[in-house]
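Heads up, the thing below is written out as structure tokens.
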Amino acid sequence: MRRFDTIVTGNRPVADGYRELRFAWPHDDGRRADDPVPGRFFTLRAGGRYDPALRRPFAFSDWRPAGDAACVFQLRGRGTEYLAALRPGDGLDVLGPLGRGFGRPPRGSRPMLVAGGIGVGPMLYLAATLAADAAAGLCEAPILVVGARTASLVPVAMLPAGTAVCTDDGSAGFSGTVTDWLASFDPGLPPAFYACGPTPMMAAVAAVAASRRAPYEASVEQWMACGVGACAGCAVRLRSGEYAKACSDGPVLDGSTVDWEAMA
Ligand SMILES: Cc1cc2nc3c(=O)[nH]c(=O)nc-3n(C[C@H](O)[C@H](O)[C@H](O)COP(=O)(O)OP(=O)(O)OC[C@H]3O[C@@H](n4cnc5c(N)ncnc54)[C@H](O)[C@@H]3O)c2cc1C
Ligand code: FES
């Protein structure tokens, strides 16, 4: 993890109220163990030099060594409004990579990637990484399913070929939720589930994974303050009664251990 100043390389709308922000990533200095793998995140100072306290967490939606990194963000408040106004060449203060990312799928399993709403960013990165691994014979080809309330909230141009799209109102793709879609889909191999999205969706995927006795890794987007394990502001209750820190134990947690009712 490191803090660095860099520049914005791109900032474009990708769906209604969603933007992709790209920024230059420093040259590789040999710290391979600290690569920003899918599921990890970074924080941005999202208020310029006049509002230095305003750091905001975002998941990597892409990363190229000695190239650039990206996130897909949703306009929500003053921090993301500030980010939306940035232009290529503008300065950016980045802290990362932070947290724990997704693990590799068990050999012989079908990686089933489930994204809901703005949870699409990290799942796009995971899908691209696993597709490259599959091409190299390291795992089975992943299947990505993306759920949104309506068609205008789907970043269509960013989705890899073969992505299953589900909309609550039936305006694009499958009419219904991602878990409705999963119920009727045969992955052909024992599935391994990965998800990022709203808590009710993540809880529903936990139930699907449990019913299929499948592993499940869930990226929880819990509210965060320090982002580095120092404040306990991001506690996630586990079924054991213990708590995990989303920022340092996660944000990717074993979904079968999370107390999803307590998260609701
Ligand atoms: C690990 C992690 C990864 C994330 N990845 C993404 C992503 O890839 N794309 C994306 O659009 N959003 C992501 N988020 C949520 C994102 O951080 C918030 O949407 C953003 O901070 C809102 O800032 P704001 O100033 O615009 O909104 P504000 O007006 O400050 O708040 C609006 C809402 O945003 C959420 N929020 C605000 N501050 C935080 C915070 N420090 N931590 C978490 N949530 C907050 C709260 O729900 C709040 O009600 C992620 C959050 C976490 C914890
Ligand atoms: S946000 Fe401070 S410990 Fe996680």
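The values are calculated or read from the model by the stated rules, or taken from the named source; none is laboratory data. Owing to the predicted nature of the structure, the values given are computational and were not obtained by experimental measurement. Quick reminder, even Gly has a Cβ in these numbers, built from the backbone with ideal geometry, and neighbours come from all protein chains shown.
Condition test on residue 62, is it more than 21 Å from residue 225 (Cβ to Cβ), modelled with pLDDT of 95 or more, acidic (Asp, Glu) and not assigned by TED's automatic domain parsing to the domain that holds residue 163?
Yes.
Among (1) under 25 Å from residue 165 (Cβ atoms); (2) not assigned by TED's automatic domain parsing to the domain that holds residue 44, there is one condition residue 80 misses while meeting the rest; what is its number?
Just one mismatch for residue 80, condition (2).
Need a quick list: strands (runs of 3 or more DSSP E) entirely within region 41-109 having at least 1 residues that are β-branched (Val, Ile, Thr) and either within 16 Å of ligand 2 (Cβ to nearest atom) or touching a residue at least 12 places away in the same chain (Cβ under 8 Å) (or both).
41-45, 68-74, 91-98
This table checks each residue for (1) loosely packed, with under 15 Cβ neighbours inside 10 Å; (2) within 16 Å of ligand 2 (Cβ to nearest atom); (3) without any contact (Cβ under 8 Å) to a residue 60 or more places away in the chain; (4) assigned to a loop (DSSP other than H, G, I, E, B).
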{"residue": "165", "(1), (2), (3), (4)": "no, no, yes, no"}
{"residue": "172", "(1), (2), (3), (4)": "no, no, yes, yes"}
{"residue": "187", "(1), (2), (3), (4)": "no, no, no, yes"}
{"residue": "195", "(1), (2), (3), (4)": "no, no, no, no"}
{"residue": "228", "(1), (2), (3), (4)": "no, yes, no, yes"}
{"residue": "236", "(1), (2), (3), (4)": "no, yes, yes, no"}
{"residue": "249", "(1), (2), (3), (4)": "no, yes, no, yes"}
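From the list 184, 171, which one is out of contact with any strand residue (DSSP E or B) (no Cβ under 6 Å at 6 or more places or on another chain), polar (S, T, N, Q), more than 24 Å from residue 19 (Cβ to Cβ) and not assigned by TED's automatic domain parsing to the domain that holds residue 64?
184
Filter region 87-108 for residues that are touching a Pro at 6+ places or on another chain (Cβ under 8 Å) and surrounded by 18 or more Cβ atoms within 10 Å (Cβ to Cβ) and give the result.
Start the filter on region 87-108 by keeping residues that are touching a Pro at 6+ places or on another chain (Cβ under 8 Å), which leaves 96-102, 105-106, 108.
Matches in region 87-108: 96, 97, 98, 99, 100, 101, 102, 105.
Please go through region 208-226 and give me each residue that is hydrophobic (A, V, I, L, M, F, W, C), crowded, with 21+ Cβ neighbours inside 10 Å and not in a loop (DSSP other than H, G, I, E, B), ordered by number.
Of everything in region 208-226, those that are hydrophobic (A, V, I, L, M, F, W, C), crowded, with 21+ Cβ neighbours inside 10 Å and not in a loop (DSSP other than H, G, I, E, B) turn out to be 209, 218.
Among the numbered criteria (1) among the β-branched types (Val, Ile, Thr); (2) more than 10 Å from ligand 2 (Cβ to nearest atom); (3) assigned to a loop (DSSP other than H, G, I, E, B), which single criterion is violated by residue 205?
Result: residue 205 passes all but (3).
With respect to residue 120, determine if the residue is within 16 Å of ligand 1 (Cβ to nearest atom) and either out of contact with any strand residue (DSSP E or B) (no Cβ under 6 Å at 6 or more places or on another chain) or under 25 Å from residue 36 (Cβ atoms) (or both).
It is true that residue 120 is within 16 Å of ligand 1 (Cβ to nearest atom) and either out of contact with any strand residue (DSSP E or B) (no Cβ under 6 Å at 6 or more places or on another chain) or under 25 Å from residue 36 (Cβ atoms) (or both).
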